[in-house]
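The values are calculated or read from the model by the stated rules, or taken from the named source; none is laboratory data. Values in this document were obtained by computation on a predicted structure and should not be read as measured data. Neighbour counts are summed over all protein chains in view; Cβ atoms, including those assigned to glycine, are modelled from backbone coordinates with ideal geometry.
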Amino acid sequence: MNRQEFLRNLALGALSLQNVEELATHWVPEKNTMTQQNESFSEVIIIGGSYAGLAAAMALAVLCAKVLILDAGEPCNRQTPHSHNFLTQDGQVPAHIGAVARAEVLQYPTVRLRKIWVSAVQAVEGGFQVTGAGAEVFQGKKLLLATGVKDQMPDLPGFAESWGISVLHCPYCHGYEVKSKN
Ligand SMILES: Cc1cc2nc3c(=O)[nH]c(=O)nc-3n(C[C@H](O)[C@H](O)[C@H](O)COP(=O)(O)OP(=O)(O)OC[C@H]3O[C@@H](n4cnc5c(N)ncnc54)[C@H](O)[C@@H]3O)c2cc1C
């Protein structure tokens, strides 16, 4: 059974728990024109290792895929002191949520994470070639972009420094905590 068949059967509920455990134990990655013995080869390269990238990595890790996460470590909420409206994590420091998520994901032996800025991506035969800072090159069969969004700050004195602290954009995140405050 190849991976596509496995996923289709899984989605259709056609696999028993025992099937899944057996397949996970004996999983052999599909053949690829790139050499899979190469340490820099991954089945999936994820660019961006914050919440979205880590969530994707965990799903792939459970499928025993060889995953490489490349992350510059600058999530959009890095300045905000507390996170809200996220069940089980209400009031938590965003960096703490990220650290716990990283620890959980990296418990899976097929996942690696590098702190690095990706500067270029190129489609090559059989997949993608990703270039990081310092001209380091990684190869992967699939590429998953989880780079988030970059907030554009107006050129106003103090605005960028106050972003997420006293300059707030999201009532779902911070409405209650700043209610009735000037
Ligand atoms: C000020 C503020 C407060 C917020 N408060 C809340 C809240 O209270 N509750 C809530 O639910 N949500 C909140 N949010 C929203 C929440 O932070 C985002 O929904 C969430 O961070 C999105 O996750 P992400 O993984 O998509 O992107 P991000 O968390 O932004 O992560 C993107 C990652 O990709 C990396 N990256 C980008 N480009 C590259 C590259 N070229 N090479 C390598 N790495 C790269 C970045 O360094 C970063 O680590 C807030 C957002 C902001 C801005």
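See the values below:
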quantity	calculated
Options Ser50, Ser42; residue that is surrounded by 20 or more Cβ atoms within 10 Å (Cβ to Cβ), within 16 Å of the ligand (Cβ to nearest atom) and at pLDDT below 95	Ser42
Meets criteria (on the phi < 0 side of the Ramachandran plot, acidic (Asp, Glu), assigned to a helix (DSSP H, G or I) and more than 22 Å from the chain's Cα centre (by Cα)) for Glu104	no
Any hit, region 141-160, residues being more than 14 Å from the ligand (Cβ to nearest atom), touching a residue at least 60 places away in the same chain (Cβ under 8 Å), among the charged types (D, E, K, R) and at negative phi	yes
Yes/no for His84 being near the ligand (Cβ under 6 Å from one of its atoms) and either among the small types (Gly, Ala, Ser) or more than 14 Å from the chain's Cα centre (by Cα) (or both)	yes
Residue check for Gln122: modelled with pLDDT of 95 or more, loosely packed, with under 14 Cβ neighbours inside 10 Å and either under 18 Å from Gly49 (Cα atoms) or not β-branched (Val, Ile, Thr) (or both)	yes
So Arg102, is it within 12 Å of the ligand (Cβ to nearest atom) and under 16 Å from Ile46 (Cβ atoms)	yes
Given (1) touching a residue at least 60 places away in the same chain (Cβ under 8 Å); (2) assigned to a strand (DSSP E or B); (3) out of contact with any strand residue (DSSP E or B) (no Cβ under 6 Å at 6 or more places or on another chain), number of the condition Ala123 does not satisfy	(1)
Unique match (being outside the structural domain of Ala57 (by TED's automatic domain parsing), more than 18 Å from Tyr51 (Cβ to Cβ) and touching a strand residue (DSSP E or B) at 6+ places or on another chain (Cβ under 8 Å)) among Phe159, Phe128, Phe138	Phe159
Residue among Val167, Val118 that is on the phi < 0 side of the Ramachandran plot, in contact (Cβ under 8 Å) with a residue 12 or more places away in the chain, out of contact with any Pro (no Cβ under 7 Å at 6 or more places or on another chain) and of a type in the set (A, V, I, L, M, F, W, C)	Val118
Failed criterion for Gly164 (all others in (1) more than 19 Å from Pro75 (Cα to Cα); (2) touching a Ser or Thr at 6+ places or on another chain (Cβ under 7 Å); (3) not assigned by TED's automatic domain parsing to the domain that holds Ala57 hold)	(1)
Test result for Leu113, part of a strand (DSSP E or B), in contact with an Asp or Glu (Cβ under 8 Å, 6 or more places away or on another chain) and at pLDDT 95 or above	yes
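Yes/no matrix, rows are residues, columns are (1) closer than 30 Å to Ser83 by Cβ; (2) in contact with a Leu (Cβ under 9 Å, 6 or more places away or on another chain); (3) crowded, with 16+ Cβ neighbours inside 10 Å:
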residue	(1), (2), (3)
Arg102	yes, yes, yes
Pro109	yes, no, no
Leu113	yes, yes, yes
Val130	yes, yes, yes
Phe138	no, yes, yes
Gly148	yes, no, no
Gln152	yes, no, no
Leu156	yes, no, no
Phe159	yes, no, no
